[in-house]
Amino acid sequence: MSDGLFEGCKLLEEIEIPSGVTAIGNRAFYGCESLKPPKMPEGLVMVGDEAFAQCIKFDKVKFSDALKTVGVGSFSQCVVLTDINLGNSLVSI
């Protein structure tokens, strides 16, 4: 998913990330204040910088063991995030 793809879409509530997606770009969902946490695809290996920053409805997120990299501030200001599973293969945060 491209950098800034849905950045600032404050009213976006739900999205289905296709199974073929392997990377979520920088700030892809930045500021999507109404977005509920989507199911992350099994083959996702990278989450970019600030990808989900300011997604204030994110309470829990689960990634598969394919995830290798999580960018800086990927979940910053996700104020109700209480449960995050980054899998077992993470190489870089």
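Pairing residues of the stretch 36-60 that are at pLDDT 95 or above and in a loop (DSSP other than H, G, I, E, B) with residues that are open to solvent by 10 Å² or more (accessible area, probe 1.4 Å) and of a type in the set (Asp, Glu), at Cβ distances under 6 Å and at least 6 apart in sequence or on separate chains, gives Lys36/Glu14; Ile56/Glu33.
Scanning the stretch 36-75 for residues that are polar (S, T, N, Q) and in contact with a strand residue (DSSP E or B) (Cβ under 6 Å, 6 or more places away or on another chain), which turns out least open to solvent (accessible area, probe 1.4 Å)? Here the residue is Ser74.
Sort out which residues of the stretch 18-35 are aliphatic (A, V, I, L, M), assigned to a loop (DSSP other than H, G, I, E, B) and either at pLDDT below 95 or open to solvent by less than 10 Å² (accessible area, probe 1.4 Å) (or both), and write them in order of number. Ala28, Leu35 - these are the residues of the stretch 18-35 that are aliphatic (A, V, I, L, M), assigned to a loop (DSSP other than H, G, I, E, B) and either at pLDDT below 95 or open to solvent by less than 10 Å² (accessible area, probe 1.4 Å) (or both). Of everything listed in (1) in contact with a Ser or Thr (Cβ under 9 Å, 6 or more places away or on another chain); (2) at pLDDT 95 or above, the single unmet condition for Glu7 is (1).
A residue that is aliphatic (A, V, I, L, M) and in contact with a Pro (Cβ under 7 Å, 6 or more places away or on another chain) cannot be found anywhere in the stretch 32-49. The set of residues in the stretch 11-27 being touching a Gly at 6+ places or on another chain (Cβ under 8 Å) and on the phi < 0 side of the Ramachandran plot consists of Ser19, Gly20, Val21, Thr22, Ala23, Ile24, Gly25, Asn26.
The values are calculated or read from the model by the stated rules, or taken from the named source; none is laboratory data. Computed from a predicted structure; not experimentally measured. Don't worry about glycine lacking a Cβ; one is built from the backbone with ideal geometry, like all the others, and counts go over all protein chains shown. Accessible surface is based on the protein model in full, side chains and every heavy atom, while ligands, DNA and RNA are left aside. Shrake-Rupley method; radii C 1.70, N 1.55, O 1.52, S 1.80 Å.
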